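Novice: Pasting a structure here, questions to come.
Since every read-out is calculated from the coordinates, none of them should be taken as a lab result. Bear in mind that the values here come from a model prediction, so they are computed numbers and not experimental data. Using ideal geometry, Cβ is built from the backbone for each residue, glycine included, and neighbour counts are taken over all protein chains shown.
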Amino acid sequence: MNSATDIHFNCTGCGKCCTGHHVPLTLDEARQWVDDSGQVIVLVEAFLANGLGLPAAQQDHARRRSCAVPCGNTEAFVAITFAAFNPGPCRNLDAELRCLIYERRPLVCRIYPMEINPHIPLRPEAKDCPPEAWESGETLIHRERVADPRLMELIERSRQADRDDIRDKALICQRLGIDTSALKGNGFTAYLPDTAALRQAMVETAADPSAKLAGWVLHVEDGDLAGKLDSAGARVTGTSAGHYSFIGF
């Protein structure tokens with residue numbers, strides 16, 4: 001008998017997960033994406049070394065996938081996501097809703113509908129899949145644990161890539177003039193860099209991965225929160241310079 005906490009999944013091929021979702025990419029996947037002429041969106045969040053902006057339970061996971069950078073008179077930890085920019089259907093989705101790069105699709109696509117962040121539980125109601133997708137099929141979760149060891153291995157690969165790639169991502173951002181982050185839990189800053197410039201920044205970073213990291217700024221529009229960050233020594237702004245968007249929560 002199945003446990004009441006079991007979650008099953010059987011993909012219906014509806015294509016909804018491939019439409020309107022910016023798919024997180026490893027750095028190698030991002031290189032491949034731009035080589036295929038795809039656009040990458042850069043999403044950034046950060047927290048201070050003193051933990052401001054980060055729930056205590058999430059500190060270990062967040063620190064392992066972030067990079068310490070100067071921020072005013074203190075230090076911030078930036079987490080940077082390179083994602084395939086898909087405001088509509090994925091560029092690799094054909095007219096019959098089939099993936100044209102299925103054999104080399106990104107890790108996150110292979111892992112779907114599972115979550116990468118260990119602090120976010122899988123909730124079917126939060127996904128775009130139709131109800132029948134959850135009525136039968138492979139067991140994803142059994143007694144609150146990932147049931148398939150092969151799936152768990154893919155999840156761990158994705159998490160490890162986040163850790164391994166983060167400093168190079170920070171250097172790539174630096175070469176692109178990306179230097180402003182939102183505070184974790186308060187929002188993201190979002191950038192759409194020119195694809196050719198992004199490719200060049202990737203090449204330069206691969207050639208010189210030990211370059212010194214420059215300072216970052218935190219974008220916060222809440223006055224009280226900005227005051228706390230300022231008191232902690234962080235460099236803060238409440239106005240976008242125009243080359244990024246602030247996506248608040």
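Novice: Can you tally the net charge around ARG235? Count Lys and Arg as +1, Asp and Glu as -1, for every other residue whose Cβ sits under 12 Å from the Cβ of ARG235.
Specialist: So the surrounding residues net to -3.
Novice: Now for a different question. Between (1) 1.02; (2) 1.07; (3) 1.13, which entry matches Cα Rg over 2.2 N^0.38 Å as derived from the coordinates of this structure?
Specialist: Among (1) 1.02; (2) 1.07; (3) 1.13, the one calculated here is (2).
Novice: Also, quick follow-up: Test of understanding: in a Gaussian network model of the chain with alpha carbons linked when under 10 Å, which of VAL108, VAL42, VAL146 would top the mean-square fluctuation ranking?
Specialist: In the Gaussian network model the winner is VAL146.
Novice: Within a 10 angstrom radius of the beta carbon, how do CYS173, CYS17 rank from fewest other beta carbons to most?
Specialist: Going from sparsest to densest Cβ surroundings: CYS17, CYS173.
Novice: Which value in nm describes the separation of the simple spin-label points at ALA214 and SER240, placed 7 Å from the Cα toward the beta carbon?
Specialist: Result: 2.1 nm between the two label points.
Novice: Could you line up MET202, MET114, MET152 from fewest to most neighbouring Cβ atoms inside 10 Å?
Specialist: MET152, MET114, MET202
Novice: May I pose another question? Would you kindly derive the ³J(HN,Hα) couplings of region 187-199 from the backbone phi angles with the Karplus curve 6.51 cos²θ - 1.76 cosθ + 1.60 (θ = phi - 60°), listing them in order in whole Hz, with x for Gly and Pro?
Specialist: Using θ = phi - 60°, the values come out as x, 10, 9, 10, 10, 10, x, 4, 5, 5, 5, 5, 4 Hz.
Novice: How do ASP94, ASP162, ASP230 rank when sorted from fewest to most other Cβ atoms within 10 Å of their own Cβ?
Specialist: ASP94, ASP230, ASP162
Novice: Ok, one more. Where a ≥ b ≥ c are the square roots of the eigenvalues of the C-alpha gyration tensor, would you call region 38-119 rounded, which needs a/c under 1.5, or, failing that, prolate if a/b is larger than b/c, or oblate? All intermediate terms of the calculation are to be shown ahead of the outcome.
Specialist: Details: a/c = 3.62, a/b = 2.22, b/c = 1.64.
Verdict is prolate for region 38-119.
Novice: To continue, here is another question. Report the FRET efficiency, 1/(1 + (r/R0)^6), for LYS16 and ASN50, where r is their Cβ-Cβ distance and R0 is 51 Å, rounded to 0.05.
Specialist: Calculated transfer efficiency: 0.80.
Novice: Okay, next question. Would you work out the relative contact order for the chain, in percent, from Cα pairs under 8 angstrom that are 6 or more residues apart?
Specialist: 30 percent
Novice: Now for a different question. For region 226-249 and region 125-169, what is the separation of their Cα centres, given in Å?
Specialist: Region 226-249 and region 125-169 have Cα centres separated by 33 Å.
Novice: Apply the a/c threshold of 1.5 to the C-alpha gyration tensor of region 63-184 and tell me whether it is rounded, prolate or oblate.
Specialist: prolate
Novice: Classify region 151-230 from the C-alpha gyration tensor, please: rounded if a/c falls under 1.5, else prolate or oblate depending on whether a/b exceeds b/c.
Specialist: It is oblate, given that a/c is not under 1.5 and a/b is not larger than b/c.
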